[in-house]
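Scroll down for the structure; my scribbles are underneath it.
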Amino acid sequence: MIRIGLVIFLSLATVLPAAAQIARAAKVDWLEAGVICAPEAIGFRDAPETITGRAHIIEAMPDFVAQTQVVPAVIGVGFGVKLQATAETPFQPVTITLSHPPMGAEGISRQSFTSAISGETPTVAFFQFDHGYELVEGTWYFEAREGDQLIYRVAFRIVPPQQVPALANACHYQDLLS
């Protein structure tokens, strides 16, 4: 399930070479990518271009349990991007797109939603594995655009949990590995 949040709150077998897998605009002050244990949603908002049709709204910025782009395919584990624009250059509106191998009965391979990226507070966009059909291994991409302008593009490699057992257990879902 796609989860989004602004700090205003709207919201190791295989390794990807980080420099080759993260692109960002010059107006992005900082950007981090990693694995999270997602917080509970405090509500939902419409996101019609996603497989579920909605996105979670979170109350607090989640911490990364690891800054890595290698993610175990485990229910409850999430991954995503935190960033902040330069102070004078917020991005709005922004289209966040998540591209991935086909999933679900319809073979969906692309989901998107709108957001904003502030120059005053950090922004987060992440995906959490909530359903078995989402546990699709392969390369997934988070991309943000303001119109035709690329803001960032980050590749994540989703792998079997046995390839990264420490991360698979980071959110206390180790019983799912048996």
Quiz item: In the range 160-169, which residues are modelled with pLDDT of 95 or more and under 15 Å from G80 (Cα atoms)?
Solution: none
Quiz prompt | Pick from the range 29-54, criterion within 22 Å of T139 (Cβ to Cβ), out of contact with any Pro (no Cβ under 7 Å at 6 or more places or on another chain) and at pLDDT 90 or above, ranking: surrounded by the fewest Cβ atoms within 10 Å (Cβ to Cβ) | solution = E32
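Applying the selection to the range 96-123, what residues are under 24 Å from A26 (Cβ atoms), out of contact with any Pro (no Cβ under 7 Å at 6 or more places or on another chain) and part of a strand (DSSP E or B)?
I96, T97, L98, S99, S112, S115, T123, listed by residue number.
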Quiz item: So, of the residues in the range 71-101 that are within 30 Å of Q163 (Cβ to Cβ) and more than 12 Å from the chain's Cα centre (by Cα), which turns out to be surrounded by the fewest Cβ atoms within 10 Å (Cβ to Cβ)?
Solution: P101
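Looking at the range 34-61 only, could you name the residues that are assigned to a loop (DSSP other than H, G, I, E, B), small (G, A, S) and farther than 24 Å from V164 by Cβ?
A47, G53, A60, listed by residue number.
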Quiz item: Would the range 106-119 turn up any residue that is surrounded by 15 or more Cβ atoms within 10 Å (Cβ to Cβ) and under 19 Å from G34 (Cβ atoms)?
Solution: yes
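The values are calculated or read from the model by the stated rules, or taken from the named source; none is laboratory data. What you see is a predicted model, and the numbers here were worked out from it, not measured in a lab. Counting neighbours? That spans all protein chains shown, and the Cβs are built from the backbone with ideal geometry, glycine included.
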